1. Are there any trypsin sites (Lys or Arg not before Pro) in segment 198-292 that are in a DSSP loop and have at most 10 other Cβ atoms within 10 Å? List them by number.
2. Set Lys and Arg Cβ to +1 and Asp and Glu Cβ to -1, take the dipole of segment 55-286 about its Cα centre, and tell me which of ILE184, VAL119, VAL268 lies farthest positive.
3. What whole number of Å gives the distance from the Cα centroid of segment 1-75 to the Cα centroid of segment 236-292?
4. Applying the Karplus parametrisation 6.51 cos²θ - 1.76 cosθ + 1.60 with θ = phi - 60° to the phi angles of segment 130-135, what ³J(HN,Hα) value in whole Hz is obtained for each residue in order, glycine and proline being reported as x?
5. Leaving out ligands and nucleic acids, note down the accessible area per residue over the chain with a 1.4 angstrom probe, in whole Å².
6. Can you compute 3J(HN,Hα) from phi for each residue in segment 249-260, using the Karplus curve 6.51 cos²θ - 1.76 cosθ + 1.60 with θ = phi - 60°, rounded to whole Hz and x for Gly and Pro?
7. For segment 139-146, just list the computed ³J(HN,Hα) in residue order, Karplus coefficients 6.51, -1.76 and 1.60, θ = phi - 60°, integers in Hz, with x standing in for Gly and Pro.
8. Along the principal axes of its C-alpha atoms, what lengths does segment 55-286 span, in descending order and rounded to whole Å?
Amino acid sequence: MDKKRIWEGLRPYVLIAPAMAGIMLFVMYPVGYLIYLSLFKYNLMNKDKSKFVGWDNFTQILGRGDFYKALWNTTIYTAGVVVLTMLLSLLIAVWLNKKSRFNSVVQAGIFTPHVVSIVSISLVWLWLMEPNQGLLNYVFKLVGLPPSAWLQSSKTALISIIIVSVWQAIGYYTLIIVAALQSISPSIYEAAALDNASKFKVFYKITLPMISPQLFFILIIMTIGSFKVFDTVQVMTGGGPNNATTTLVYYIYGFRTTNIGYSAATGVVLMAIIGLLTFIYFRLLSKKVHYQ
(Lines give C-alpha, C1' and ligand atoms only; values in the text may rest on other atoms or scores of the structure.)
Protein backbone atom coordinates (compact mmCIF):
# COMPACT_ATOMS: atom_id res chain seq x y z
CA MET A 1 0.00 0.00 0.00
CA ASP A 2 2.85 2.39 0.79
CA LYS A 3 4.42 1.77 -2.61
CA LYS A 4 1.07 2.30 -4.28
CA ARG A 5 0.54 5.58 -2.47
CA ILE A 6 4.05 6.73 -3.37
CA TRP A 7 3.46 5.85 -7.01
CA GLU A 8 0.09 7.65 -7.05
CA GLY A 9 1.81 10.73 -5.66
CA LEU A 10 4.68 10.57 -8.15
CA ARG A 11 2.67 9.50 -11.21
CA PRO A 12 1.53 13.01 -12.27
CA TYR A 13 5.11 14.28 -12.14
CA VAL A 14 6.40 11.28 -14.07
CA LEU A 15 3.78 11.79 -16.77
CA ILE A 16 4.59 15.48 -17.26
CA ALA A 17 8.36 14.95 -16.98
CA PRO A 18 8.97 14.46 -20.76
CA ALA A 19 7.00 17.61 -21.61
CA MET A 20 8.74 19.62 -18.90
CA ALA A 21 12.11 18.36 -20.09
CA GLY A 22 11.28 19.58 -23.60
CA ILE A 23 10.18 22.97 -22.28
CA MET A 24 13.33 23.33 -20.20
CA LEU A 25 15.59 22.27 -23.07
CA PHE A 26 13.96 24.12 -25.96
CA VAL A 27 12.33 27.13 -24.23
CA MET A 28 13.76 27.97 -20.82
CA TYR A 29 17.42 27.26 -21.62
CA PRO A 30 17.46 29.30 -24.88
CA VAL A 31 15.74 32.23 -23.12
CA GLY A 32 18.19 32.09 -20.23
CA TYR A 33 21.17 31.88 -22.58
CA LEU A 34 19.78 34.79 -24.62
CA ILE A 35 19.64 36.95 -21.49
CA TYR A 36 23.16 35.79 -20.58
CA LEU A 37 24.55 36.75 -24.01
CA SER A 38 22.85 40.15 -23.85
CA LEU A 39 25.23 41.11 -21.03
CA PHE A 40 28.33 40.51 -23.16
CA LYS A 41 30.05 42.12 -26.11
CA TYR A 42 30.36 38.94 -28.11
CA ASN A 43 31.92 38.85 -31.59
CA LEU A 44 31.36 35.57 -33.42
CA MET A 45 34.30 36.28 -35.73
CA ASN A 46 36.70 36.87 -32.83
CA LYS A 47 35.60 35.15 -29.62
CA ASP A 48 38.82 36.11 -27.80
CA LYS A 49 37.70 39.75 -27.65
CA SER A 50 34.36 38.93 -25.99
CA LYS A 51 33.87 40.66 -22.65
CA PHE A 52 31.21 41.33 -20.03
CA VAL A 53 29.59 44.76 -20.53
CA GLY A 54 26.53 44.54 -18.25
CA TRP A 55 23.70 46.81 -19.35
CA ASP A 56 25.75 48.62 -22.03
CA ASN A 57 24.04 46.75 -24.89
CA PHE A 58 20.61 47.87 -23.67
CA THR A 59 21.83 51.46 -23.25
CA GLN A 60 23.16 51.33 -26.79
CA ILE A 61 19.82 50.05 -28.11
CA LEU A 62 17.86 52.90 -26.55
CA GLY A 63 20.25 55.43 -28.07
CA ARG A 64 20.21 54.20 -31.67
CA GLY A 65 17.86 55.62 -34.27
CA ASP A 66 17.94 52.51 -36.45
CA PHE A 67 16.41 50.49 -33.60
CA TYR A 68 13.46 52.88 -33.33
CA LYS A 69 13.08 52.78 -37.11
CA ALA A 70 12.88 48.98 -37.01
CA LEU A 71 10.46 49.14 -34.06
CA TRP A 72 8.23 51.61 -35.92
CA ASN A 73 8.22 49.46 -39.07
CA THR A 74 7.34 46.39 -37.01
CA THR A 75 4.52 48.24 -35.24
CA ILE A 76 3.02 49.46 -38.54
CA TYR A 77 3.37 46.00 -40.07
CA THR A 78 1.76 44.31 -37.06
CA ALA A 79 -1.16 46.76 -36.93
CA GLY A 80 -1.79 46.43 -40.66
CA VAL A 81 -1.59 42.64 -40.78
CA VAL A 82 -3.64 42.02 -37.63
CA VAL A 83 -6.44 44.48 -38.44
CA LEU A 84 -6.76 43.57 -42.14
CA THR A 85 -6.51 39.82 -41.57
CA MET A 86 -9.09 39.80 -38.78
CA LEU A 87 -11.57 41.98 -40.68
CA LEU A 88 -11.25 40.12 -43.98
CA SER A 89 -11.26 36.71 -42.28
CA LEU A 90 -14.44 37.63 -40.41
CA LEU A 91 -16.18 38.88 -43.57
CA ILE A 92 -15.22 35.82 -45.60
CA ALA A 93 -16.16 33.49 -42.73
CA VAL A 94 -19.64 35.03 -42.51
CA TRP A 95 -20.00 34.54 -46.26
CA LEU A 96 -18.83 30.89 -46.05
CA ASN A 97 -20.85 30.08 -42.94
CA LYS A 98 -23.56 28.12 -44.74
CA LYS A 99 -22.65 24.49 -45.38
CA SER A 100 -22.57 23.76 -49.11
CA ARG A 101 -20.33 22.02 -51.62
CA PHE A 102 -19.31 25.35 -53.18
CA ASN A 103 -18.33 26.80 -49.80
CA SER A 104 -16.28 23.69 -49.04
CA VAL A 105 -14.35 24.13 -52.27
CA VAL A 106 -13.75 27.82 -51.50
CA GLN A 107 -12.57 26.99 -47.98
CA ALA A 108 -10.06 24.48 -49.34
CA GLY A 109 -8.87 27.03 -51.90
CA ILE A 110 -8.29 29.92 -49.51
CA PHE A 111 -6.53 27.60 -47.04
CA THR A 112 -3.95 26.53 -49.65
CA PRO A 113 -1.62 29.57 -49.24
CA HIS A 114 -1.20 28.72 -45.55
CA VAL A 115 0.13 25.27 -46.49
CA VAL A 116 2.61 26.56 -49.07
CA SER A 117 6.05 27.69 -47.90
CA ILE A 118 6.23 31.42 -47.19
CA VAL A 119 9.48 31.54 -49.20
CA SER A 120 7.69 30.19 -52.27
CA ILE A 121 4.84 32.64 -51.76
CA SER A 122 7.29 35.53 -51.40
CA LEU A 123 9.05 34.59 -54.63
CA VAL A 124 5.74 34.47 -56.53
CA TRP A 125 4.68 37.87 -55.19
CA LEU A 126 8.15 39.20 -55.94
CA TRP A 127 7.45 38.49 -59.61
CA LEU A 128 3.87 39.79 -59.43
CA MET A 129 5.10 43.10 -57.97
CA GLU A 130 7.99 43.58 -60.41
CA PRO A 131 7.56 47.20 -61.66
CA ASN A 132 8.29 46.57 -65.35
CA GLN A 133 7.28 42.95 -66.07
CA GLY A 134 5.00 42.20 -63.12
CA LEU A 135 1.41 41.06 -63.54
CA LEU A 136 -0.05 43.61 -61.10
CA ASN A 137 1.25 46.63 -62.99
CA TYR A 138 0.12 45.02 -66.24
CA VAL A 139 -3.42 44.78 -64.85
CA PHE A 140 -3.18 48.39 -63.65
CA LYS A 141 -2.31 49.51 -67.19
CA LEU A 142 -5.24 47.57 -68.64
CA VAL A 143 -7.73 49.36 -66.38
CA GLY A 144 -6.10 52.77 -66.85
CA LEU A 145 -4.38 53.06 -63.45
CA PRO A 146 -0.80 54.29 -63.03
CA PRO A 147 1.78 51.58 -62.25
CA SER A 148 3.16 51.24 -58.75
CA ALA A 149 6.79 50.84 -57.68
CA TRP A 150 5.68 48.28 -55.08
CA LEU A 151 8.83 46.89 -53.45
CA GLN A 152 11.14 49.38 -55.17
CA SER A 153 9.85 52.43 -53.30
CA SER A 154 10.22 53.17 -49.60
CA LYS A 155 6.66 54.57 -49.63
CA THR A 156 5.00 51.35 -50.81
CA ALA A 157 7.43 48.58 -49.81
CA LEU A 158 6.03 47.98 -46.32
CA ILE A 159 2.46 48.06 -47.63
CA SER A 160 3.44 45.44 -50.21
CA ILE A 161 4.85 43.19 -47.48
CA ILE A 162 1.61 43.61 -45.50
CA ILE A 163 -0.45 42.59 -48.55
CA VAL A 164 1.56 39.39 -49.01
CA SER A 165 1.32 38.48 -45.31
CA VAL A 166 -2.44 39.07 -45.19
CA TRP A 167 -2.99 37.01 -48.35
CA GLN A 168 -0.97 34.14 -46.91
CA ALA A 169 -2.67 34.10 -43.49
CA ILE A 170 -6.26 34.91 -44.27
CA GLY A 171 -7.37 31.38 -45.20
CA TYR A 172 -6.24 29.75 -41.95
CA TYR A 173 -7.98 32.26 -39.70
CA THR A 174 -11.09 32.23 -41.87
CA LEU A 175 -11.50 28.50 -41.22
CA ILE A 176 -11.12 29.05 -37.48
CA ILE A 177 -13.90 31.64 -37.52
CA VAL A 178 -16.09 29.48 -39.78
CA ALA A 179 -15.79 26.64 -37.28
CA ALA A 180 -16.72 29.03 -34.47
CA LEU A 181 -19.75 30.34 -36.36
CA GLN A 182 -21.01 26.84 -37.11
CA SER A 183 -20.73 25.87 -33.44
CA ILE A 184 -23.31 28.51 -32.41
CA SER A 185 -26.67 26.90 -31.56
CA PRO A 186 -29.42 27.75 -34.12
CA SER A 187 -31.89 28.09 -31.24
CA ILE A 188 -30.19 31.35 -30.21
CA TYR A 189 -30.84 32.86 -33.64
CA GLU A 190 -34.41 31.54 -33.58
CA ALA A 191 -35.02 33.32 -30.28
CA ALA A 192 -33.61 36.54 -31.73
CA ALA A 193 -35.88 36.19 -34.79
CA LEU A 194 -38.92 35.87 -32.52
CA ASP A 195 -37.92 39.18 -30.92
CA ASN A 196 -37.66 40.80 -34.38
CA ALA A 197 -33.98 41.64 -33.84
CA SER A 198 -32.27 43.25 -36.82
CA LYS A 199 -29.39 41.51 -38.60
CA PHE A 200 -26.93 44.06 -37.26
CA LYS A 201 -28.08 43.52 -33.67
CA VAL A 202 -27.95 39.75 -34.11
CA PHE A 203 -24.40 39.99 -35.41
CA TYR A 204 -23.24 42.51 -32.80
CA LYS A 205 -25.10 41.15 -29.77
CA ILE A 206 -25.02 37.42 -30.49
CA THR A 207 -22.52 36.37 -33.16
CA LEU A 208 -19.54 38.46 -32.08
CA PRO A 209 -19.80 37.59 -28.35
CA MET A 210 -20.22 33.89 -29.18
CA ILE A 211 -17.06 33.79 -31.33
CA SER A 212 -15.08 36.18 -29.11
CA PRO A 213 -12.82 33.39 -27.70
CA GLN A 214 -11.65 32.53 -31.22
CA LEU A 215 -11.20 36.20 -32.14
CA PHE A 216 -9.18 36.76 -28.97
CA PHE A 217 -7.00 33.75 -29.79
CA ILE A 218 -6.41 35.05 -33.32
CA LEU A 219 -5.52 38.51 -31.98
CA ILE A 220 -2.89 37.10 -29.60
CA ILE A 221 -1.36 34.65 -32.08
CA MET A 222 -1.27 37.14 -34.95
CA THR A 223 0.30 39.90 -32.84
CA ILE A 224 3.08 37.60 -31.65
CA GLY A 225 3.67 36.20 -35.14
CA SER A 226 3.68 39.62 -36.81
CA PHE A 227 6.24 41.02 -34.39
CA LYS A 228 8.50 38.10 -35.31
CA VAL A 229 8.21 38.46 -39.12
CA PHE A 230 11.42 37.68 -40.96
CA ASP A 231 11.04 35.33 -43.95
CA THR A 232 8.97 37.64 -46.14
CA VAL A 233 11.26 40.61 -45.51
CA GLN A 234 14.41 38.58 -46.12
CA VAL A 235 13.20 37.17 -49.44
CA MET A 236 11.38 40.17 -50.89
CA THR A 237 13.25 43.30 -49.80
CA GLY A 238 16.22 42.47 -47.58
CA GLY A 239 15.09 45.27 -45.27
CA GLY A 240 15.16 47.91 -47.99
CA PRO A 241 14.76 50.22 -49.69
CA ASN A 242 16.36 52.68 -47.25
CA ASN A 243 15.47 50.41 -44.29
CA ALA A 244 11.77 50.94 -45.06
CA THR A 245 10.97 47.28 -44.34
CA THR A 246 13.58 46.52 -41.67
CA THR A 247 11.68 44.81 -38.86
CA LEU A 248 12.99 43.98 -35.38
CA VAL A 249 13.87 40.37 -36.18
CA TYR A 250 15.60 41.38 -39.40
CA TYR A 251 17.39 44.09 -37.43
CA ILE A 252 18.60 41.43 -34.98
CA TYR A 253 19.71 39.28 -37.93
CA GLY A 254 21.92 42.12 -39.18
CA PHE A 255 24.23 41.83 -36.14
CA ARG A 256 24.43 38.02 -36.18
CA THR A 257 28.25 37.92 -36.63
CA THR A 258 29.64 41.31 -35.60
CA ASN A 259 27.96 41.66 -32.22
CA ILE A 260 25.98 38.70 -30.92
CA GLY A 261 25.57 40.40 -27.54
CA TYR A 262 23.81 43.39 -29.09
CA SER A 263 21.57 41.06 -31.12
CA ALA A 264 20.74 39.11 -27.96
CA ALA A 265 19.91 42.31 -26.08
CA THR A 266 17.59 43.38 -28.92
CA GLY A 267 15.99 39.94 -28.73
CA VAL A 268 15.39 40.43 -25.01
CA VAL A 269 13.76 43.79 -25.75
CA LEU A 270 11.56 42.16 -28.41
CA MET A 271 10.59 39.43 -25.95
CA ALA A 272 9.68 42.07 -23.36
CA ILE A 273 7.57 44.02 -25.89
CA ILE A 274 5.64 40.89 -26.92
CA GLY A 275 5.16 39.92 -23.27
CA LEU A 276 3.90 43.42 -22.42
CA LEU A 277 1.45 43.44 -25.33
CA THR A 278 0.14 40.01 -24.36
CA PHE A 279 -0.32 41.16 -20.76
CA ILE A 280 -2.21 44.27 -21.93
CA TYR A 281 -4.46 42.17 -24.18
CA PHE A 282 -5.35 39.82 -21.34
CA ARG A 283 -5.78 42.70 -18.92
CA LEU A 284 -8.08 44.76 -21.14
CA LEU A 285 -9.88 42.21 -23.31
CA SER A 286 -10.08 38.91 -21.42
CA LYS A 287 -13.10 40.10 -19.41
CA LYS A 288 -14.94 40.87 -22.66
CA VAL A 289 -14.46 37.35 -23.97
CA HIS A 290 -17.63 35.26 -23.53
CA TYR A 291 -16.86 31.60 -22.96
CA GLN A 292 -19.81 29.28 -23.47
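The values are calculated or read from the model by the stated rules, or taken from the named source; none is laboratory data. All values reported here derive from a predicted model rather than from experimental measurement. For neighbour counting, all protein chains shown are included, and Cβ atoms are generated from backbone atoms with ideal geometry for every residue, glycine included. All accessible areas refer to the heavy atoms of the entire protein, side chains included, with ligands and DNA or RNA removed. Shrake-Rupley method; radii C 1.70, N 1.55, O 1.52, S 1.80 Å.
1. Filter output for segment 198-292: ARG256.
2. Positive-end residue among those listed: ILE184.
3. 15
4. Values per residue, Gly and Pro as x: 5, x, 9, 10, x, 5 Hz.
5. In whole numbers, the chain has 61 Å² accessible per residue.
6. My calculation for segment 249-260 gives 5, 5, 5, 4, 4, x, 10, 5, 10, 7, 8, 4 Hz in order.
7. So the Karplus estimates, Gly and Pro as x, are 5, 4, 5, 5, 9, x, 9, x Hz.
8. That gives 67, 50, 28 Å along the principal axes, largest extent first.
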